[in-house]
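Each value in this text was obtained by applying a stated rule to the coordinates, not by laboratory testing. Just so you know, these numbers come straight off a predicted model, no measurement behind them. Every residue, glycine as well, gets a Cβ built from its backbone with ideal geometry; the counts of neighbours run over all protein chains shown.
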Amino acid sequence: MNIRVEGDRLFIEGDLDAKTVPGLFEAGMKGIRDGVKSVDFSKVASADSSAIAMTLALLREVETAGRSLQFLNIPPTMLKLARLYAVDDVLHS
């Protein structure tokens, strides 16, 4: 699992689950604080509800700063979970 920032885009790679999210969370938050404008999930292999929780936390951080955040290439498993939790609309903002 890896998070990297290129320009104003945060790339997440690998599995996003209960085992990996805690270790990635602070790196993601640092990217947000440094001005990231989008999060790209194209290299995420699998995701569970922890991925949704992390995504919502990143979104809250950016909204607190008065900015917006775009989510790109959201994996189908994340979209399915987001629909289940009725938060899919915020992933498309």
Report summary line: Options (1) 5.0; (2) 10.6; (3) 7.5 for mean projected area of the Cα convex hull in nm²; the value derived from the coordinates is listed as (1)
Report summary line: Residue separation between ALA18 and LYS80 times 0.36 nm, minus their alpha-carbon distance, gives in nm 20.6 nm
Report summary line: Magnitude of the Cβ-charge dipole (Lys and Arg +1, Asp and Glu -1) of the chain about the Cα centre, nearest 20 debye, reported as 60 debye
Query raised in the report: How large is the helix-only mean residue ellipticity at 222 nm for the chain, computed as the sum of -39500 (n - 2.57) over DSSP H runs with n ≥ 4, divided by its residue count, in deg cm²/dmol to the nearest 500?
Result: -13500 deg cm²/dmol
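Which length gain, in nm to one decimal place, applies between THR64 and MET29 when the Cα-Cα distance is subtracted from 0.36 nm times their residue separation? The partial results should precede the final answer.
On the way: separation 35, 0.36 × 35 = 12.60 nm, distance 1.23 nm.
Contour length minus the Cα-Cα distance gives 11.4 nm.
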Query raised in the report: Considering only DSSP states other than H, G, I, E and B, which chymotrypsin sites (Phe, Trp or Tyr not before Pro) in segment 12-93 qualify as loop sites with at most 13 other Cβ atoms within 10 Å?
Result: TYR85
Query raised in the report: Once amide H atoms are built 1.01 Å from N in the peptide plane, which residues 5 or more positions from VAL39, or in another chain, come under 5 Å H to H?
Result: LEU10, GLN70, PHE71, LEU72
